[in-house]
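The values are calculated or read from the model by the stated rules, or taken from the named source; none is laboratory data. In this text, all values refer to a predicted model and were calculated from it rather than measured experimentally. Cβ atoms come from the backbone with ideal geometry, glycine included; neighbour counts cover every protein chain shown. Please note that ligands, DNA and RNA were not included when accessible areas were found on the heavy atoms of the full protein model with its side chains. Shrake-Rupley method; radii C 1.70, N 1.55, O 1.52, S 1.80 Å.
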Amino acid sequence: MEKCKITNKCGSCQYQGIDYQEQLDLKYEICQKLLGDHGRVQPVHGMKDPLHYRNKVHHAFATDRKGRVISGCYEANSHRVVMVDECMLEDLKAQEIIRTIRKLLPSFKIRIYNEDTGYGLLRHVLIRRGFATGEIMVVLVCASPVFPSKNNFVKALRKEHPEINTIVLNVNDKRTSMVLGTRNITLYGRGFITDLLCGCRFRISPDSFYQVNPVQTEYLYNTAISFANLKPEDVVIDAYCGIGTIGLVAAKKSGKVTGIELNPEAVKDARLNAKANSLKARFYQGDATEFMVKMAEDGQKADVIFMDPPRAGSTKHFVDAATKLQPKRIVYVSCNPETLARDLGWFNKMGYEAKKIQPVDMFPFTGHVETVVLMSKAK
Ligand code: SAH
């Protein structure tokens, strides 16, 4: 496979130029080294076609030395934008739409935001595409809510891409490295898209977390659900639940699911997702550790705990509290084997051990590995 031309500047693909099977072998070695002491590591579940899997595409805008609009990623450890025109990972339709946006900008005299001076309007574009539904959301991140001739811009963009379902203006007027600001103004459509995963329909807002590789996500969730071996009467917790994906797929088998999530927008989506799928599940907004500690203090019990924390992993307090609920099974979905190994160590101290370890390649060509671990009480 030909190597991507901008790989050195972009820095996203640590495994560029490496044969796909070899990438999977390297990831297996990483898991084996970090997790091997906890149990037998299954071979990494790879993709049949590992290209253009990213259904969420983000580009930052800038102008080059000749004043032309460019868009792409930041050069490693800098805020210089590297022009990305053809990426092996990004969804092809999203790339097409971004090309159109770049082409339209000059004729609408939309100024690109300058990070040094703070002047200008357009900062980023974020495109999300529902894999099963094909629904497309375009989020234009701007430094101000005032977007000159926005109706005409929306019209021109939709004329070239009638397949776009919704266009949102996100206002980010802060001088920060966060991509999205807190205010969303819907310019066209419903302001969110939906997608189907494991037989449930999910609503995805501009800032909610949603896995970027839908093909692998379906495998990941199905593995997590099968590890959990759910019974109808099981009391289930979905910690770090995002828009409720794992918990709602679980709610098809068990009537007592509770989700906990920090991001209020995601919690809103999770509640609407429960309703839209006619599933019974309760979702709370808050810190997962505080929630578990409170449950443990109240003397509550759980049969199954799913947990899917961000890269930083969970906390010692979470682990202590979670094990006090005496779950029969804990299913840990992790995007970082280093913090996973640390957390498994804490679980061991509390009497739980890994029974199954299944790595999944959610991010081909990058060095990231996702892993699902089933734990239960040590005999
Ligand atoms: N299980 C979901 C989301 C996983 S991503 C899915 O598969 O789509 C991790 C989630 O943890 C994010 O939604 C993030 O907002 C949330 N999160 C981060 N820190 C948290 C905390 N301290 N307490 C609860 N949720 C947290």
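Among the residues of region 264-282, the ones that are open to solvent by 10 Å² or more (accessible area, probe 1.4 Å) and in contact with a helix residue (DSSP H, G or I) (Cβ under 9 Å, 6 or more places away or on another chain) come to 5 in all. Taken over region 45-79, residues that are part of a loop (DSSP other than H, G, I, E, B) and either in contact (Cβ under 8 Å) with a residue 12 or more places away in the chain or closer than 25 Å to residue 210 by Cβ (or both) amount to 13.
Mind checking whether some residue in region 67-90 is in contact with a His (Cβ under 7 Å, 6 or more places away or on another chain), open to solvent by less than 30 Å² (accessible area, probe 1.4 Å) and of a type in the set (Ser, Thr, Tyr)? Scanning region 67-90, I find at least one residue that is in contact with a His (Cβ under 7 Å, 6 or more places away or on another chain), open to solvent by less than 30 Å² (accessible area, probe 1.4 Å) and of a type in the set (Ser, Thr, Tyr), so the answer is yes.
Pairs meeting the criteria (first residue in region 313-324 and at positive phi, second residue in a helix (DSSP H, G or I), beta carbons under 6 Å, at least 6 apart or on different chains) are 313/339; 313/343.
For the structure I just gave you, tell me whether residue 72 is small (Gly, Ala, Ser) and more than 21 Å from residue 139 (Cα to Cα). In short, no. Looking at this structure, is residue 323 of a type in the set (Val, Ile, Thr), in a helix (DSSP H, G or I) and under 24 Å from residue 12 (Cβ atoms)? Answer is no for this residue. If you go through region 103-118 and keep only what is touching a residue at least 12 places away in the same chain (Cβ under 8 Å), over 17 Å from residue 83 (Cα atoms) and part of a loop (DSSP other than H, G, I, E, B), you end up with 109, 110, 118. Of the residues making up region 164-193, those that are out of contact with any Asp or Glu (no Cβ under 6 Å at 6 or more places or on another chain), in a strand (DSSP E or B) and open to solvent by less than 50 Å² (accessible area, probe 1.4 Å) are 164, 166, 167, 168, 169, 170, 171, 185, 187.
Taken over region 340-379, the criterion of being touching a residue at least 60 places away in the same chain (Cβ under 8 Å), among the acidic types (Asp, Glu) and not in a strand (DSSP E or B) is satisfied by 361 alone.
With respect to residue 236, determine if the residue is touching a helix residue (DSSP H, G or I) at 6+ places or on another chain (Cβ under 6 Å) and more than 21 Å from residue 194 (Cβ to Cβ). It is true that residue 236 is touching a helix residue (DSSP H, G or I) at 6+ places or on another chain (Cβ under 6 Å) and more than 21 Å from residue 194 (Cβ to Cβ).
Filtering region 241-263 to residues that are over 17 Å from residue 205 (Cα atoms) and either open to solvent by 80 Å² or more (accessible area, probe 1.4 Å) or part of a loop (DSSP other than H, G, I, E, B) (or both) leaves 252, 253, 254, 255, 256. The residue that is farthest from the ligand (Cβ to nearest atom), among those in region 207-220 that are open to solvent by 10 Å² or more (accessible area, probe 1.4 Å) and not polar (S, T, N, Q), is 215. Just wondering, is there one or more residues in region 278-293 that are at pLDDT below 95 and either among the aliphatic types (A, V, I, L, M) or not in a helix (DSSP H, G or I) (or both)? So far as region 278-293 goes, yes, one or more of its residues are at pLDDT below 95 and either among the aliphatic types (A, V, I, L, M) or not in a helix (DSSP H, G or I) (or both).
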